[in-house]
Amino acid sequence: MFSDPPLVMELVTFVRSIGIEVQACPINWKTQFPGLEIRAGAILVDENQLIHPGNILHEAGHIAVHDPARRAHLKFSPSNGEELSALAWSYAATMHLGLSSELVFYPGSYQGWDTSLVENFAAGRYIGVPLLQRYGMTLEARFASERGLKPYPHMLRWVR
């Protein structure tokens with residue numbers, strides 16, 4: 001069970017609703033983001049160690065954009081393209097949920113590039129979207145208008 005802030009529950013509920021498993025559990029090993037781990041296609045969350053709830057969305061983005069044939073492997077490492085796509089995916093998730101992009105691009109995140117990411121995404125200068133489009137998850141504006149569909153950050157589907 002998740003006990004802490006309603007925001008954590010909102011994010012977990014969303015991630016579960018798109019078919020990605022999220023489990024509350026103690027994590028007593030070193031991870032890239034304290035309190036978070038991806039294992040066998042699921043996100044493990046230790047609320048006592050979680051440094052920022054937005055990281056839940058970023059990790060969900062990694063699972064969502066990863067090769068479906070390898071998604072359930074015990075561990076996986078995202079490619080550089082998948083890393084960029086996870087940025088775009090997590091931004092789209094914040095917009096879908098009506099939350100600020102600073103939830104995922106919070107102060108001090110992304111090796112100090114947080115402010116630049118907030119500014120660029122707010123100005124419509126999106127990184128990572130071409131791969132999301134290639135995976136059939138969203139459409140860039142020019143292609144969306146040709147098809148009469150909403151453009152990114154609207155998602156056609158949340159999981160590759």
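The values are calculated or read from the model by the stated rules, or taken from the named source; none is laboratory data. Everything numeric in this text was worked out from a predicted model, so none of it was measured. No Cβ is skipped: glycine too gets one built from the backbone with ideal geometry, and neighbour counts run over all protein chains shown. All accessible areas refer to the heavy atoms of the entire protein, side chains included, with ligands and DNA or RNA removed. Shrake-Rupley method; radii C 1.70, N 1.55, O 1.52, S 1.80 Å.
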Check your understanding: Short version: what are the Cα gyration tensor semi-axes of the stretch 121-160, square root of 5 times each eigenvalue, largest first, in whole Å?
Key -> 14, 13, 8
**Study point:** Net charge contributed by nearby residues that have their C-beta within less than 12 Å of GLU102 (K/R +1, D/E -1)
**Key:** -2
Point to revise | Summed side-chain charge close to SER116 - residues other than SER116 whose Cβ falls under 14 Å, Lys, Arg +1, Asp, Glu -1 | key: -2
Practice item. Calculate how many DSSP beta bridges within the chain are antiparallel, expressed in % of all such bridges and rounded to the nearest 5. Key: 50
Check your understanding: Counting only protein heavy atoms and using a 1.4 Å probe, what share of the accessible area of the stretch 42-136 belongs to carbon plus sulfur, as a whole percent?
Key -> 52
Study note, to complete from the structure: Of the candidates VAL118, VAL12, ALA42, the farthest towards the positive dipole end of the stretch 1-122 (Lys/Arg Cβ +1, Asp/Glu Cβ -1, centred on the Cα centre) is ALA42
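Hey, got the dipole for the chain? About the Cα centre, +1 on K and R Cβ, -1 on D and E Cβ, debye to the nearest 20? All intermediate terms of the calculation are to be shown ahead of the outcome.
On the way: 13 positive and 15 negative charges, 127 e Å.
Taking the Cα centre of the chain as origin, the dipole is about 620 debye.
Translational diffusion coefficient of the chain at 25 °C, 0.890 mPa s, Stokes-Einstein with Kirkwood Rh over Cα pairs, in µm²/s as a whole number. Mind showing how you got there, number by number?
Working: Rh = 15.9 Å.
It comes out at roughly 154 µm²/s.
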Point to revise | Cα-based Rg and Dmax for the stretch 76-146, where Dmax is the largest Cα-Cα distance (Å) | key: 12.3, 39
Check your understanding: Between the DSSP loop rule and a limit of at most 15 other Cβ atoms within 10 Å, which trypsin sites (Lys or Arg not before Pro) in the stretch 29-73 are left?
Key -> LYS30, ARG70
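Which loop trypsin sites (Lys or Arg not before Pro) in the stretch 107-150, with loop taken from DSSP, have no more than 15 other Cβ atoms within 10 angstrom of their Cβ? Present the calculation step by step, with values, prior to reporting the outcome.
Details: sites: ARG125, ARG134, ARG142, ARG147; in loops: ARG125.
Counting only loop positions with at most 15 other Cβ atoms within 10 Å, the trypsin sites (Lys or Arg not before Pro) in the stretch 107-150 are ARG125.
Which whole-number value in Å² is the accessible area per residue of the chain, probe 1.4 Å? Don't jump to the answer; show the numbers that get you there.
Working: 8250 Å² over 160 residues.
I get 52 Å² per residue for this part.
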Check your understanding: If you plug each phi of the stretch 11-18 into the Karplus form 6.51 cos²θ - 1.76 cosθ + 1.60 with θ = phi - 60°, what whole-Hz ³J(HN,Hα) values come out, in order, with x for Gly and Pro?
Key -> 5, 4, 4, 4, 4, 5, 5, 9
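Relative contact order, percent, of the chain when contacts are C-alpha pairs under 8 Å separated by at least 6 residues?
Values: 241 pairs, mean separation 28.4, N = 160.
Answer for the chain is 18 percent.
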Check your understanding: Loop-only check: which chymotrypsin sites (Phe, Trp or Tyr not before Pro) in the stretch 31-116 are DSSP coil with at most 16 other Cβ within 10 angstrom?
Key -> TRP113
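Can you compute the helix-only [θ] at 222 nm over the chain? Use -39500 (n - 2.57) per DSSP H run of at least 4 residues, normalise by all residues, nearest 500 deg cm²/dmol.
On the way: 6 runs with 63 residues, N = 160.
About -11500 deg cm²/dmol.
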